[in-house]
Amino acid sequence: RDFCLSRGLGDVYKRQNQRFMQEVIENIINGINNIVWSNALIFLALASGIFYSFKTRFVQIRMVKEMLRLLFGSKASERGVSSFQAFAIAISGRVGTGNIAGVATAIALGGPGAIFWMWVIAFLGSASAFIEATLGQLYKENKSGEYRGGPAFYIEKGLKIKWFAIVFAIATILSTALFLPGVQSNSIAAGIKTAFNIDPLYTGSFIVVFLALIVFGGVKRIGKFSEVVVPFMAIAYVLIATIIIGINYQEIPEVLSLIITSAFGANQAFGGIVGMAIMWGVKRGIYSNEAGQGTAPHAAAAAEVSHPAKQGLVQAFSVYVDTLFVCTATAFMILFTFQYNVENPAGGFLFEHLPGVNYGPEYTQLAIESQFPGFGKIFVAIALSFFAFTTIMAYYYIAETNVSYLDRDNQKKWMIWALRILILGATLYGANNTADLAWTMGDIGVGIMAWLNFIAIFLLRKPALALLKDYESQKKSGIEEPLYDPQNNDLGIENVDIWKLSLIHISEPTRQAE
């Protein structure tokens with residue numbers, strides 16, 4: 001410092017000091033990320049999916065037809081949104097940057113085999129999603145005229161461990177309002193920069209203004225916006241991918257072979273990174289489909305349904321939409337067109353087709369651009385903007401739900417205003433931040449929530465499994481629309497007083513319909 005100042009090099013010292021502090025912060029954040037995302041969490045996610053798949057007798061396969069029926073089977077009420085709106089809110093949270101930039105990241109760091117492990121975690125995670133969403137619906141509350149629920153609610157009511165619930169609520173607020181929004185806004189800004197050469201500051205400012213208009217409208221506005229935008233953007237994106245797959249249909253067997261052989265180390269080029277393929281496939285799979293992470297139960301709780309298992313089934317299907325449809329569409333486009341690089345953990349690249357191109361939305365943009373010159377970059381930038389924006393919107397709803405949990409009497413209005421300022425500031429900051437740091441912060445947020453929620457749903461698995469059995473029993477007895485009776489002592493479920501009121505509102509119209 002003294003040397004620089006004595007020679008009039010104060011600016012040089014400031015820049016060096018800033019770089020040093022940035023490196024220190026990044027090292028701390030990376031260290032935390034390595035602890036959170038140790039092999040233990042990857043094993044926990046896979047083990048949980050396997051366990052719940054067997055305990056539910058593979059509900060994700062047996063009841064796909066029922067999932068589709070229920071998706072459009074309920075209507076919104078003054079207290080809750082419809083099943084489809086709840087599905088759309090959950091999908092808006094699931095389908096985001098992870099489906100475009102996240103898939104590219106998985107391929108870049110884990111090779112094509114990472115896609116196979118994304119499929120595995122989606123299939124297994126669908127069973128985990130059923131458990132957590134059913135619990136979210138079961139232990140919901142009516143707060144200020146709207147249904148609210150999620151892990152914090154079912155931890156307190158089901159496990160009766162209030163400190164655990166408070167820890168989850170605080171962790172979720174920090175994750176969804178501070179850590180995760182920056183990942184989404186950063187990807188929007190990067191995509192817009194590539195397509196239109198617009199400064200990220202302007203993009204971030206526009207996102208914040210538009211987001212403010214939505215978040216000040218509450219869950220009903222979020223539900224209505226998601227109901228319109230989410231299906232449109234998902235269908236348009238999958239349609240473009242289908243066209244590209246159709247153009248390259250002769251390469252489908254080769255690409256599938258590449259994915260599967262790389263996943264198990266049989267491919268010569270990528271055989272040495274099987275561990276990376278599993279880690280990044282599971283990591284990006286959880287980030288993308290959010291199964292077991294604890295975010296989807298918030299949307300599931302908002303629905304007006306006659307039985308908690310209904311939302312469990314609907315949310316289980318949303319995992320398929322996210323990973324098996326949208327993520328697979330992205331992966332196929334990238335692999336068909338060879339628009340990707342695969343890094344070597346030891347340094348350099350195992351496969352390099354795009355020298356100087358960083359992984360992220362650029363892979364997907366270049367893949368579509370190679371088939372439709374002048375269109376790919378623009379289309380992906382627009383699609384990514386919709387995907388990521390609706391995800392930020394879902395993050396706000398989740399964070400607001402956990403603030404409402406902490407403020408049980410609705411006396412601390414300042415908490416909601418502080419939350420809105422926090423998420424808007426994090427969104428603007430993320431748009432202008434480095435992508436690597438944004439993704440790492442997002443991973444920490446996802447990982448912390450996943451750890452807490454996996455433990456909670458394991459301890460609360462019995463009520464969810466009992467509800468599945470009750471639902472199927474009623475269906476077999478000929479009841480078209482099963483009703484959950486909170487006074488059924490055979491189920492052994494307590495602290496669900498909200499259902500005593502819900503039963504009055506739901507049962508009569510349902511019986512008349514039958």
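The values are calculated or read from the model by the stated rules, or taken from the named source; none is laboratory data. Fair warning: this is a prediction, and the values are worked out from it, not measured in the lab. Every residue, glycine as well, gets a Cβ built from its backbone with ideal geometry; the counts of neighbours run over all protein chains shown. Quick note on the areas: whole protein, heavy atoms, side chains included, nothing else; ligands and nucleic acids left out. Shrake-Rupley method; radii C 1.70, N 1.55, O 1.52, S 1.80 Å.
Restriction of the trypsin sites (Lys or Arg not before Pro) in the range 304-408 to DSSP coil positions whose beta-carbon has at most 12 other beta-carbons within 10 angstrom yields Arg408. In the full protein context, the chain carries 40 Å² of accessible surface per residue, based on a 1.4 Å probe and ignoring ligands, DNA and RNA. Quote the relative contact order of the chain in percent (integer), defining contacts as alpha-carbon pairs under 8 Å separated by 6+ residues. Normalised by residue count, the contact order of the chain is 31 percent.
Rounded to two decimal places and with Rh computed the Kirkwood way over Cα pairs, what is Rg over Rh for the chain?
Details: Rg = 23.0 Å, Rh = 23.3 Å.
Using only Cα positions, Rg/Rh for the chain is 0.99.
Exposed loop sites are taken as chymotrypsin sites (Phe, Trp or Tyr not before Pro) in a DSSP loop (any state but H, G, I, E or B) with at most 15 other beta carbon atoms within 10 Å; the longest stretch of the chain without one runs 73-215.
A simple count of charges around Ile368, restricted to other residues whose Cβ falls under 15 Å of its Cβ and scoring Lys, Arg +1 and Asp, Glu -1, yields -1.
Extending 7 Å from the Cα toward the beta-carbon at both Ile170 and Val64 defines two label points whose distance is 4.4 nm. The long axis of helix 376-406 is offset from the longest Cα principal axis of the chain by roughly 50 degrees. Which FRET efficiency, nearest 0.05, do Lys469 and Trp414 yield, Cβ-Cβ r, R0 60 Å? With a Förster radius of 60 Å, E is 0.85.
Potential lengthening of the chain between Glu254 and Phe210 amounts to 11.5 nm, from the contour at 0.36 nm per residue minus the alpha-carbon distance.
So for the range 156-304, what percent of the C-alpha to C-alpha distances run longer than 22 Å? Tail of the P(r) past 22 Å holds 65 percent of the pairs. What residue among Leu452, Val321, Ala169 has its Cα farthest toward the positive end of the dipole of the chain, where the charges are +1 on Lys, Arg and -1 on Asp, Glu, each on the Cβ? Of the candidates, Ala169 comes out farthest on the positive side.
About the centre of its Cα atoms, the chain shows a dipole size close to 740 debye [charges on the beta carbon of Lys, Arg (+1) and Asp, Glu (-1) only; nearest 20 debye].
Find the centroid of the Cα atoms in the range 15-63 and in the range 309-388, then give the distance between the two in whole Å. The two parts, judged by their Cα centres, are 21 Å apart.
For the range 157-205, taking the reciprocal of the average inverse distance between every pair of different Cα atoms yields a Kirkwood hydrodynamic radius of 13.0 Å. Annotation for the range 408-436 versus the range 265-281: alpha-carbon center distance of 38 Å. Can you tell me the 0 to 90 degree angle between the C-alpha axis of helix 162-174 and the longest principal axis of the chain, rounded to 10? With rounding to tens, the tilt is 40 degrees. At the residue level, Glu304 shows approximately 20 square angstrom of accessible surface with a 1.4 angstrom probe and all protein chains present.
Calculate the FRET efficiency for Phe349 and Leu239 from the Cβ-Cβ distance with a Förster distance of 30 Å, rounded to the nearest 0.05. Approximately 0.40, to the nearest 0.05. Considered as an equivalent ellipsoid built on the Cα gyration tensor, the range 254-358 has semi-axes of 35, 14, 13 Å, the largest given first.
Taking the charge dipole of the chain about its Cα centre, with +1 at Lys and Arg Cβ atoms and -1 at Asp and Glu Cβ atoms, the residue from Leu419, Leu211, Ile243 reaching farthest to the positive side is Leu419.
Angle, helix 39-55 long axis vs. longest principal axis of the chain, Cα atoms, 0 to 90°, nearest 10? Helix 39-55 sits roughly 30 degrees off the main axis of the chain. Output the pairs from Lys475/Lys500; Lys157/Lys413; Lys157/Lys412; Lys283/Lys462; Lys310/Lys462; Lys65/Lys310 with a Cα-Cα distance over 19 Å in this structure; if there are none, say none. Check vs 19 Å cut-off fails for Lys475/Lys500; Lys157/Lys413; Lys157/Lys412; Lys283/Lys462.
In the range 304-345, the portion of solvent-accessible area held by carbon and sulfur atoms comes to 66 percent [1.4 Å probe, whole percent, DNA, RNA and ligands not counted]. Under 5 Å from the amide H of Ala303 lie the amide H atoms of Val81, each residue being 5 or more positions distant or on a separate chain, with H modelled from the backbone and absent for Pro and chain starts. The slack in the chain from Arg19 to Ser370, taken as 0.36 nm per residue of separation less the alpha-carbon distance, amounts to 122.6 nm.
What is the Cα convex hull volume of the range 318-377 when expressed per residue in Å³? Show your work: numbers first, answer last.
Values: hull volume 5.9 nm³, N = 60.
Enclosed volume per residue, from the Cα hull, is 98 Å³.
Note on Glu480 and Phe54: with the Förster distance fixed at 30 Å, the Cβ-Cβ geometry gives a FRET efficiency of about 0.55. With contributions of -39500 (n - 2.57) from each DSSP H run of at least four residues, the per-residue ellipticity at 222 nm computed over the chain stands at -23000 deg cm²/dmol. The distance separating the Cα centre of the range 444-469 from that of the range 121-163 comes to 8 Å.
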